[in-house]
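Working notes for the structure below.
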Amino acid sequence: MSFTPKEIEDYCVAHSSGLSEVATELMLHTRASIHGSRMLIGELESSVLKFLIKLGQVKTVVEFGTYTGFSSLIMAEALPDDGQIITIDINPETSKVAKSFWDKSSVGHKIQQILKPGPEAIKDLHGTYDLIFIDADKNGYPLYLDWAIEHLSARGLIISDNTLWYGKVLTAGLDKQTDSIRLHNEKAKNLEGFTKTLLPIRDGMFLITRN
Ligand SMILES: C[S@@+](CC[C@H](N)C(=O)[O-])C[C@H]1O[C@@H](n2cnc3c(N)ncnc32)[C@H](O)[C@@H]1O
C-alpha cells in the first residue's frame, strides 16, 4: 500500500539511489514466486532506509520480520563492513530464500538470522542497537516498541513500518491488528524524551529517536 500516486512515487524512485543488481533480482523473484510479496518494503522505502542508515552512522540493527530478506539486504548494503544485522522471523521457507540471496551478495556476512517468534527471540538479545526496524506481526508492535525503547543506543533510531496500515488506523475497533498498530502509534506519540515523526511513505514509516 502506498499513499502516494503511482506516477509521483515512480518519479521519486527514478530520482533516488537505486537498487543493487542482487536486490533487484530478489525483489523480482519474490514478486514472481513468493506468496505475500506486497509485504516487501519496495524501492522508495529502501532508499529512505539507506539514507537514514548513512545519516545516523548506524552500525548495529535488529529487524523484526525478515520475509525473503529484501529489507535486510538493503540495510546490509548501507552498513559499514563491520556492521551487523540481526533479523528475526518465524517462517523457515522464506528465511531460506533470504539466505540464498544474501549468500549471492557481498554483504551476507553482516546478517544473522534468528528463526523464532519475536517475543522469544528478544529474550536472547541483551545489547543496545543503533537501528531497530519493526516489520513483523502487527499484534506484536506494542511489545516490540517497548523492547526497542529499552534497547536503543544513545544515538539510535526506531523505524516501525506499516504504521498507517492501509489507512485503517483512522478507525478504532476494526480488527485486532489495526487496534494493535493504533496502540503502538499512541505509545510512540506519548513517549517522553523522544522525537517522533510518522511519515506517509508507502504504508507509513514511524521514526523515533531520542531528544
Ligand atoms: C512484512 S513481512 C517482512 C518484510 C521484510 N521486512 C521486507 O520488507 O523485506 C513480515 C514478516 O513477519 C513474519 N512474522 C509473522 N509473525 C511473526 C512473529 N511472531 N515473530 C517474528 N516474525 C513474524 C512473517 O513470517 C513475515 O515474513
- Note on the structure: Looking across the range 7-27 at residues that are free of Cβ contacts under 8 Å to residues at least 12 places away in the same chain and over 19 Å from the mean Cα position of the chain (by Cα), the single one that is nearest to Ser72 (Cα to Cα) is Glu21
- Task: Tell me, yes or no, whether the range 100-111 has at least one residue that is within 14 Å of the ligand (Cβ to nearest atom), out of contact with any Pro (no Cβ under 8 Å at 6 or more places or on another chain) and closer than 15 Å to Ile159 by Cβ.
- Result: no
- Subset of the range 124-141 that is within 13 Å of the ligand (Cβ to nearest atom) and acidic (Asp, Glu) - its residue that is farthest from Tyr67 (Cα to Cα): Asp137
- Please go through the range 175-198 and pick out each residue that is surrounded by 13 or more Cβ atoms within 10 Å (Cβ to Cβ) and not in a helix (DSSP H, G or I). Leu191, Phe194, Lys196, Leu198
- Within the range 27-46, can one find any residue that is more than 12 Å from Phe133 (Cβ to Cβ), surrounded by 14 or more Cβ atoms within 10 Å (Cβ to Cβ) and more than 13 Å from the ligand (Cβ to nearest atom)? no
- Conditions (1) touching a residue at least 60 places away in the same chain (Cβ under 8 Å); (2) within 13 Å of the ligand (Cβ to nearest atom); (3) farther than 18 Å from Ile34 by Cβ; number of the one not met by Ala121: (1)
- When only residues in the range 53-87 that are surrounded by fewer than 24 Cβ atoms within 10 Å (Cβ to Cβ) and part of a strand (DSSP E or B) count, which is nearest to the ligand (Cβ to nearest atom)? Ile86
- When (1) over 27 Å from Leu55 (Cβ atoms); (2) in contact with a strand residue (DSSP E or B) (Cβ under 9 Å, 6 or more places away or on another chain); (3) loosely packed, with under 14 Cβ neighbours inside 10 Å are applied to Gly140, the one that fails is (3)
- Message: Here's a check for you: in the range 59-104, which residue that is charged (D, E, K, R) and within 13 Å of Asp130 (Cβ to Cβ) is nearest to the chain's Cα centre (by Cα)?
- Response: Glu63
- Query: Conditions: (1) loosely packed, with under 14 Cβ neighbours inside 10 Å; (2) touching a residue at least 12 places away in the same chain (Cβ under 8 Å); (3) not β-branched (Val, Ile, Thr). Ala172 meets all but one. Number of the miss?
  - Reply: (2)
- Asp146 passes all but one of (1) surrounded by 20 or more Cβ atoms within 10 Å (Cβ to Cβ); (2) away from the ligand (no atom under 13 Å from the Cβ); which number fails? (1)
- Item | Qualifying residue in the range 105-119 (condition: farther than 17 Å from Thr87 by Cβ, surrounded by fewer than 17 Cβ atoms within 10 Å (Cβ to Cβ) and over 15 Å from the mean Cα position of the chain (by Cα)) | yes
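Where a number appears in this text, it was derived from the coordinates with a stated rule and is not lab data. Keep in mind that this is a model prediction, so the values were computed, not measured. Neighbour counts run over all protein chains shown; Cβ positions are idealised from the backbone, glycine included.
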